[in-house]
Each structure stands twice: as C-alpha cells, then as structure tokens.
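Computed from the coordinates by the stated procedures, all read-outs in this text should not be read as laboratory data. A quick note: this is a predicted structure, and the numbers were derived from the prediction, not measured. Note: ideal-geometry Cβ built from the backbone for every residue, glycine included; neighbour counts use all protein chains shown.
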Amino acid sequence: MSTILPVPILQDNYVWLMHQAGHALVVDPGVAAPVVAQLETLGLHLSAILVTHHHGDHTGGLAELVARYGCPVYGPPSIAGVSQGVGEGGKVSVPAMGVSFAVLAVPGHTLDHIAYHGDGVVFCGDTLFACGCGRLFEGTATQMQASLARLAALPDETLVCCTHEYTLSNQRFALAVEPNNPALQQRHEADRLRREQQLPTLPSNIGLERATNPFLRWAEPAIQAAAASQGAIDNGPVAVFATLREWKNVFRG
C-alpha cells in the first residue's frame, strides 16, 4: 500500500508525494528544493513526475528534478519539460511502485488540465478543491461543470489530492451558500482546528466533497435557491454552477 503526503511549497501549494518500497512519484512540483529535501529525508528515489496543467506553480521544479533524478515526466504534451505526453483515455504506470493511473481530461481551469485516478486516489490539480473548485482562466462554465461532475462520480472513498490549501476560505463561501448544512458545519470546525495546529486539511475524499462542496451540489434545492438569489437563469447544473463560480470570484466573507 502506498503512502501519500503533501509537501508544502510557495504560499499555499502542495506537491503530492506518493511512495512505496523506496520509490516515489510526485505531482505538480512547482518548486524542487522542498521535494528533494523530503525525498532525501525518507530515503526515496524519484521514479516519476505527474503534471496536471501548465501553470508555473505546478511546473517550476520540473527541470531541476529531472536533472537530478532522470525520471519521466507525464502530463499534457504541450508543457515544456513533459517527456511522456498523456491525455484523455491514457494510462500512466509506475512499475517500481506497482501503481497505475487513468488519465482524465478535466478542462475548465485551463484547457489542458488533466487528472490522474488510480490506487484509490485522484490527483486533480486545480479543478476540484476541498469545498471549492478552480477559477475559469481558460475554459467555460459548461466545461468545468462537466469536469466536476466527472470527478464527483468517482467512488466516495477516493482520496482527493488537490494542490492548494484553500479549504477554510472555500468553506466560508460554502457556508454563505448553504448555512444549514450540518456536514459542512462539522467539517469547517474540524478543519479550522487542523489549521490552528498548522496541519493540512487534505486529502479530502469524494464522498465528503459531495456532502459539503457547493460546486458539486447543483442539484440540491438549497444550492439552487442560493444561486437563484444571485441571478441564476434557471436551476440547471451549468447555470447554478456558473452563478456560484461568479459569486465566489467576488466573495469577501
């Protein structure tokens, strides 16, 4: 069984490190030095790097890590430093660890965004966050809603390994949208205590996100009513999602 841990980098990013039997893979290494330090502390050899999209806080450490470890880099083929281009329907295997991942296209935050699902985990980059989702920098609301629906359909126990510690701010918005959700209230209190102890709130899991994340709950009457109060044109999934995302963009709770 693999071990998974988040490596904090930059202001609020995480690089995900999965390891087993002395070998490791990392996901979205925006900076190399903290990753190298963790690998050396744990006595691990880096066998693969996975990249979800092209933003610099997810790719900035690629060159240094490849130069040091000589490992393959999997990701969208347009990204500089990717040696093994992958996309929708593809598969990534790391034989040294005995793990493999299905590649899912999840455009919205960026057009090239992909996720990796396997071994009970989804590495979802900036598409799905704990109680939130990424901004629409390149894609449309229709694309992002479909991408989130695809991730929400994964098994409830699937660990959600996203790449930013945005959880508490996302939960403040979620509570404004759905203040009477007891699961959300309980989650917020638990995560607030974790952050007070400087512990990560991640990974989450799909079941928890379905119960508490407003961006996956477009079919709930309370969410639809909140979206309607903000001008949603109808109760359809895309209209509700788009309205919530625009609301979140300006929310200052």
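List of remarks:
- Among 6-15, 178-187, the order from most to least packed when residues are scored by Cβ within 10 Å on average: 6-15, 178-187
- Extension gain (nm, one decimal) between Q11 and F137, 0.36 nm per residue minus Cα-Cα: 43.4 nm
- Placing unit charges on the Cβ atoms of the charged side chains and taking the dipole of region 3-250 about its Cα centre, the candidate lying farthest along the positive direction among L5, P214, H164 is P214.
- Positive-end extreme of charge dipole, region 3-250 - chosen from L128, W247, L104 (charges on Cβ): W247
- Gyration tensor (alpha-carbon) shape descriptor, region 211-253, a/c threshold 1.5: oblate
- Per-residue [θ]222 nm for the chain (sum of -39500 (n - 2.57) over DSSP H runs n ≥ 4, rounded to 500): -10500 deg cm²/dmol
- Cβ-Cβ FRET estimate between A33 and N235, R0 fixed at 51 Å, reported to 0.05: 0.60
- Taking the number of Cβ atoms within 10 Å of each Cβ as an exposure proxy, the fewest-first ranking of I49, I4, I233 is I233, I4, I49.
- The label point for A96 and the one for S83, both projected 7 Å from the Cα toward the Cβ, are 1.1 nm apart.
- Taking 0.36 nm per residue of sequence separation and removing the Cα-Cα distance, the R150/N180 pair yields an extension gain of 8.2 nm.
- Computed from the C-beta positions of A222 and L199, the FRET efficiency with R₀ = 30 Å rounds to 0.50.
- For the chain, the dipole from Cβ point charges (+1 on Lys and Arg, -1 on Asp and Glu) about the Cα centre works out to 180 debye, to the nearest 20.
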